[in-house]
Amino acid sequence: MVTKALMAMMIGFIFSVLLAIILIPILKKLHAGQNISVYLRNTHSSKQGTPTMGGLIFVIPTLFVVMLLIYLDKIHFSYTLLIILFTFVSYTLIGFIDDYLIVKKHDNKGLSVATKLLLQTVVAIIFFYLFMKGGNEPLLWIHSLHFKLDIGFFYGLFILFVLVASSNAVNLTDGLDGLAGGLSAICFVTFGIISFASGWLSGYEDIAIMAFVLVGSLLGFLVFNVNPAKVFMGDTGSLALGATLGAYAIMTRHEVLLVLIGFVFVIETLSCIIQVVYYKFTRKRFFPMTPIHHTFEKLGMNEKSIVKLFWFIGMIFALISLFYGVIL
């Protein structure tokens, strides 16, 4: 297991770095630069014009390596892997369209919120269909407590919530160099280990290997994304990562544990919700700025220190999650 995981990570890393070396200059020539929000131009003005759509740097190698491993008969194209790949590709396409429109219009308005939600809902419906067709039951399942609750049709709504919430949580967190990429790598290592431990799941080794390929690809991306970033992942990457995390949680039946595994993503999202609700009722801000990583900036903490702190918190909760999800 360890050897397979390390090999998968190494191959993903190599292909990701090679693609980045080729793709970043192309993105620059195409003027696919990021437009920095007016609220951040005092602290992040130097990032204006940094190439975006960098999610392709880890999406393409992951897909290529997984297909190569299937062709070489190192892993199998199992039904479970099909569902994970479907989610990964679908949300990549939604994010790519959003990024393309932003770059084309030279502002931060891509797909409308309604259009994004519609596309995400369509993907969730197809996911639910594939999930149920695979013989899965619509259960809320807490392994360590031996708790199962059949919620029937409402599980489809639950899947929609998990996919949309997790994809947008990563998207909100993608505001500092290396933050979302590093946290995602930690989460996918966790789900890779959980997948290997899910022997009851058909195709568990296949999705575990894909998780570690993606981790390697993310590490290759981070070579160019840590401060000072030479490329941003954009919605192309953040939506794909978040939704795929949700897909892993659903397929391994660790939906509730996703809250712990992606704890920093949850906190980032909650900070935005609290800010909006509090402002609506009081016309005052609860935090100096959201998502909450910007509050730390407002308090005088530098970007690199914030990212390291959040990575550390992410690792702590990942370890807690592994103890709860694998050992117990």
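The values are calculated or read from the model by the stated rules, or taken from the named source; none is laboratory data. It should be emphasised that the depicted structure is a prediction, and the values quoted were computed from it without experimental measurement. Cβ atoms come from the backbone with ideal geometry, glycine included; neighbour counts cover every protein chain shown. Calculation scope for accessible area: heavy atoms of the full protein, side chains included, ligands and nucleic acids excluded. Shrake-Rupley method; radii C 1.70, N 1.55, O 1.52, S 1.80 Å.
Listed values, structure above:
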read-out	value
Any chance GLY325 is touching a residue at least 12 places away in the same chain (Cβ under 8 Å), closer than 24 Å to PHE147 by Cβ, over 18 Å from the mean Cα position of the chain (by Cα) and part of a helix (DSSP H, G or I)	yes
Test result for ALA211, farther than 16 Å from ASN136 by Cβ, touching a helix residue (DSSP H, G or I) at 6+ places or on another chain (Cβ under 9 Å), open to solvent by 10 Å² or more (accessible area, probe 1.4 Å) and in contact (Cβ under 8 Å) with a residue 12 or more places away in the chain	no
Residues that are surrounded by 14 or more Cβ atoms within 10 Å (Cβ to Cβ) and of a type outside the set (A, V, I, L, M, F, W, C), drawn from region 127-136	GLY134, ASN136
Residues satisfying the stated conditions in region 92-110, i.e. buried (at least 17 other Cβ atoms within 10 Å of the Cβ) and either at pLDDT 90 or above or in a helix (DSSP H, G or I) (or both)	THR92, ILE94, GLY95, PHE96, ILE97, ASP98, ASP99, TYR100, ILE102, VAL103
Subset of region 161-176 (residues that are within 13 Å of VAL266 (Cβ to Cβ), open to solvent by less than 30 Å² (accessible area, probe 1.4 Å) and in contact with a Pro (Cβ under 8 Å, 6 or more places away or on another chain))	THR173
Residue pairs meeting the criteria (Cβ under 6 Å; at least 6 apart or on separate chains; first at pLDDT 85 or above and crowded, with 17+ Cβ neighbours inside 10 Å, in region 137-160; second of a type in the set (Phe, Trp, Tyr) and part of a helix (DSSP H, G or I))	PRO138/TYR155; GLY156/PHE128; ILE159/PHE127; ILE159/PHE128
